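J.: One structure, as structure tokens, below. Some questions next.
The values are calculated or read from the model by the stated rules, or taken from the named source; none is laboratory data. Everything numeric in this text was worked out from a predicted model, so none of it was measured. Every residue, glycine among them, receives a Cβ derived from its backbone with ideal geometry; neighbour counts consider all protein chains shown. For the accessible areas, the whole protein counts, side chains as well, though only heavy atoms, and no ligand, DNA or RNA atoms are used. Shrake-Rupley method; radii C 1.70, N 1.55, O 1.52, S 1.80 Å.
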Amino acid sequence: MSPAARPPAEEPKNTTIVQGGNFTGANAIGDHNEVHVGSVVYNAAAGELDSLRAKVGELGAELTGSAREEFREARRHLEVLQEELADDEPRPHRLKSRWEQLEPLVRSRAELPSVATIDNMVRML
């Protein structure tokens, strides 16, 4: 292939990008190869977590105030979410997982600002 026919280089070959989870096994064999290993941890600002805690508290008050049987399971999932939020440094993937279990149970209450706001806040983690 002539130099003019080669596509422009966008990213180095054998590039691995991992977002979330764990990865083991970075290898660089050959002349002039490099390995760059780093860790990026997102820590939500204290204000963001406080806002999320407040909105989850609002939703909790709304669900607790409802005697409707359909929200019994939602209240149980809400307690688990609140326990995770009570941690000094809650893990974003666990918050997302807890919300994904709760959200379908409160979707019918989507007219409440707290549901939409919580959904947006959790997705931004």
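J.: Taking all protein chains together and a probe of 1.4 Å, list His77, His93 from the most accessible to the least accessible.
T.: His93, His77
J.: Tell me the label-point distance for the pair Gln101, Glu73, using the 7 Å Cα-to-Cβ offset, in nm and rounded to one decimal.
T.: Calculated label separation equals 1.2 nm.
J.: Taking R0 as 25 Å, what's the FRET efficiency between Ser108 and Asp88 from their Cβ-Cβ distance, rounded to 0.05?
T.: 0.15
J.: Shifting gears a bit: When the accessible area of region 57-125 is computed with all protein chains present and a 1.4 Å probe, what percentage of it is carbon and sulfur?
T.: Within region 57-125, the accessible surface is 48 percent carbon and sulfur.
J.: Provide the net charge surrounding His77, with neighbours chosen by a C-beta distance below 12 Å and charges set as Lys +1, Arg +1, Asp -1, Glu -1. All intermediate terms of the calculation are to be shown ahead of the outcome.
T.: Values: positive: Arg72, Arg75, Arg76, Arg98; negative: Glu73, Glu79, Glu83, Glu84, Glu100, Glu103.
With Lys, Arg at +1 and Asp, Glu at -1, the neighbours total -2.
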